[in-house]
Amino acid sequence: MAPTNAQLQHSAVFNNKGFCNAAVYSRYLRRFRDRPIYPSLSIHPSSFSKYDMNIPSLLHCLGWESLVENMRFSYCPEAVRLFYVNIQKGPGPVPTFFTTMVFNFEVKVTTELLATALNLPHAGLHAGTDSEFGALGFDLQGALQSVTRDIGQYFPSRLAAGRLPDDLKVLHFFLTRSFLPRDLSSTDILSTSDLWVLSHAQAGTVISYASLMFHHMIRFGMEYFDGPLPFGPQITRLLSFLRIDLHDKLHQCNVLDDLRPQHVLAKLDALVGPRKPLTGSGGAIVGPASYASGRLVGALVDAAVTVIKRESSAEIEQSAKLKKLRKEDLMWPKFMYESGTINDPISSDSESSESSDDDVVSEYESPPKYPF
């Protein structure tokens, strides 16, 4: 049954045509029929505050605070696949709308429809493509220089996301896994749209998320984009807003809820949070102050002394407590970022046992079983 609201008649119309043509149906069978839907992450940006990162502040600068609200709702996987395989861009180099077909309903999608139906941030600068960024005076090279901090490290590409400072690394993580999710093979690359977002977050300029989401949907409807399909719950909500009945086709949203800040910081190779043991250090950890103040040499000497003391003490070797610690040293021990010094094994253990914080216990021995 077609929608009755006059404002929606041009957005969703019943036409009983199914797939647009045989070519689209063939592409569906080859590229979309078995595509999974991108999962949702339950980790909240504010959970990184313990590492002195104010990620919510960066989102506030963009006007995107509402994006971190609870998104645990159902989705219809088949409707999402049909939505993408049938996308037809509107006219012009920068389309203002695209059409698609879902269960015999032809849907006309605009940025304004997405913003209204999904209550998306749409204030500030409106842009979603390279040409639109350039028309608003965006300088790619200037943005790249303003957001990257190499800190003397070598990177294989100037567009490597590892060049970002820690807070922007985390924002980029949310951008590529949640806000504008993409295939994991491309999450370590700084795209033009990534730099558009990161540079404006750093400058405190509000930009339209709905515009970015609109063009991100179009890109995933193209042949060359692989990986899970993004925005499954949001597309389902959009179709329900247009009164397309999906109530008997819904699946529970797949939420990845065991991811912690320590996992993310280690994945991003951040200078704060848990760190990998230095080679030959027996698991001793160097804090961020050592990196920042040039006391790395002294820290390495202290680490070597710690190793010698451990290896020469038969009493310590026989202690069950320190045997456990030595085993943990081979993993990624808890990083005492507050002190900026090398951890003392005994004091670290006693301090962690007295704390009730869920993130105090390192989970590197049992990281999430899914890629992120």
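The values are calculated or read from the model by the stated rules, or taken from the named source; none is laboratory data. Small disclaimer: the values here were computed from a predicted structure and weren't measured. Positions of Cβ are generated from backbone atoms using ideal geometry, with glycine treated the same way; all protein chains shown enter the neighbour counts. Quick note on the areas: whole protein, heavy atoms, side chains included, nothing else; ligands and nucleic acids left out. Shrake-Rupley method; radii C 1.70, N 1.55, O 1.52, S 1.80 Å.
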(request) Output the number of residues of the range 232-257 satisfying the condition of being open to solvent by less than 10 Å² (accessible area, probe 1.4 Å), more than 12 Å from Ala117 (Cβ to Cβ) and either modelled with pLDDT under 90 or not in a helix (DSSP H, G or I) (or both). (result) 1
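Tell me, yes or no, whether the range 65-78 has at least one residue that is of a type in the set (Phe, Trp, Tyr) and surrounded by fewer than 18 Cβ atoms within 10 Å (Cβ to Cβ). Outline the logic, then answer.
So the first thing to find is which residues in the range 65-78 are of a type in the set (Phe, Trp, Tyr), and the list is 73, 75.
Pick out the ones that are also surrounded by fewer than 18 Cβ atoms within 10 Å (Cβ to Cβ) and you get 73.
Yes, that holds for at least one residue.
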(request) Kindly list, by first and then second residue, each pair from a residue in the range 140-152 that is basic (Lys, Arg) to a residue that is modelled with pLDDT of 90 or more and open to solvent by less than 80 Å² (accessible area, probe 1.4 Å), limited to pairs with Cβ atoms under 8 Å and residues at least 6 apart or on different chains. (result) Arg149/Arg163; Arg149/Leu164; Arg149/Pro165
(message) Can you say whether Leu120 is out of contact with any helix residue (DSSP H, G or I) (no Cβ under 7 Å at 6 or more places or on another chain), open to solvent by 20 Å² or more (accessible area, probe 1.4 Å) and closer than 27 Å to Glu69 by Cα, as far as the supplied structure shows?
(response) no
(request) Pairs only if they're at least six apart or on different chains, beta carbon under 6 angstrom, first in the range 44-66 and more than 20 Å from Ser193 (Cα to Cα), second among the hydrophobic types (A, V, I, L, M, F, W, C) and not in a helix (DSSP H, G or I); list them, first residue then second. (result) Tyr51/Val272
(message) So, in the range 90-117, how many residues would count as being open to solvent by 40 Å² or more (accessible area, probe 1.4 Å), outside any loop (DSSP other than H, G, I, E, B) and either of a type in the set (S, T, N, Q) or modelled with pLDDT of 95 or more (or both)?
(response) 4
(request) Only residues that are farther than 22 Å from Ile244 by Cβ, charged (D, E, K, R) and modelled with pLDDT of 90 or more: list them for the range 60-89, please. (result) Glu65
(request) Determine whether Leu212 is in a helix (DSSP H, G or I), farther than 15 Å from Phe73 by Cβ and either out of contact with any Lys or Arg (no Cβ under 6 Å at 6 or more places or on another chain) or β-branched (Val, Ile, Thr) (or both). (result) yes
(request) Provide a single number: the residues in the range 139-149 that are within 21 Å of the chain's Cα centre (by Cα) and open to solvent by 50 Å² or more (accessible area, probe 1.4 Å). (result) 1
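On the basis of being within 30 Å of Pro77 (Cβ to Cβ) and either modelled with pLDDT of 50 or more or surrounded by fewer than 19 Cβ atoms within 10 Å (Cβ to Cβ) (or both), does Leu296 make the cut? It would help to see each step written out before you state the result.
Details: within 30 Å of Pro77 (Cβ to Cβ): no; either modelled with pLDDT of 50 or more or surrounded by fewer than 19 Cβ atoms within 10 Å (Cβ to Cβ) (or both): yes.
Taking the combined requirement at face value, the residue does not satisfy it.
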(request) Mind counting the residues in the range 165-192 that are in a helix (DSSP H, G or I), open to solvent by 40 Å² or more (accessible area, probe 1.4 Å) and among the aliphatic types (A, V, I, L, M)? (result) 1
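Among the candidates Leu159, Leu195, single out the residue that is open to solvent by less than 20 Å² (accessible area, probe 1.4 Å) and modelled with pLDDT of 95 or more. Walk me through how you get there before you give the answer.
Numbers: Leu159 fails: open to solvent by less than 20 Å² (accessible area, probe 1.4 Å).
Selected residue: Leu195, the only one of Leu159, Leu195 that is open to solvent by less than 20 Å² (accessible area, probe 1.4 Å) and modelled with pLDDT of 95 or more.
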(request) Considering only the range 34-46, state which residues are out of contact with any strand residue (DSSP E or B) (no Cβ under 9 Å at 6 or more places or on another chain) and open to solvent by 30 Å² or more (accessible area, probe 1.4 Å). (result) Asp34, His44, Ser46
(request) Go through the residues of the range 220-228 one by one and say whether even a single one is buried (at least 18 other Cβ atoms within 10 Å of the Cβ), in a helix (DSSP H, G or I) and of a type outside the set (Lys, Arg). (result) yes
(request) For the range 198-209, name all the residues that are part of a loop (DSSP other than H, G, I, E, B) and either of a type in the set (Lys, Arg) or surrounded by fewer than 21 Cβ atoms within 10 Å (Cβ to Cβ) (or both). (result) Gly204, Thr205, Val206
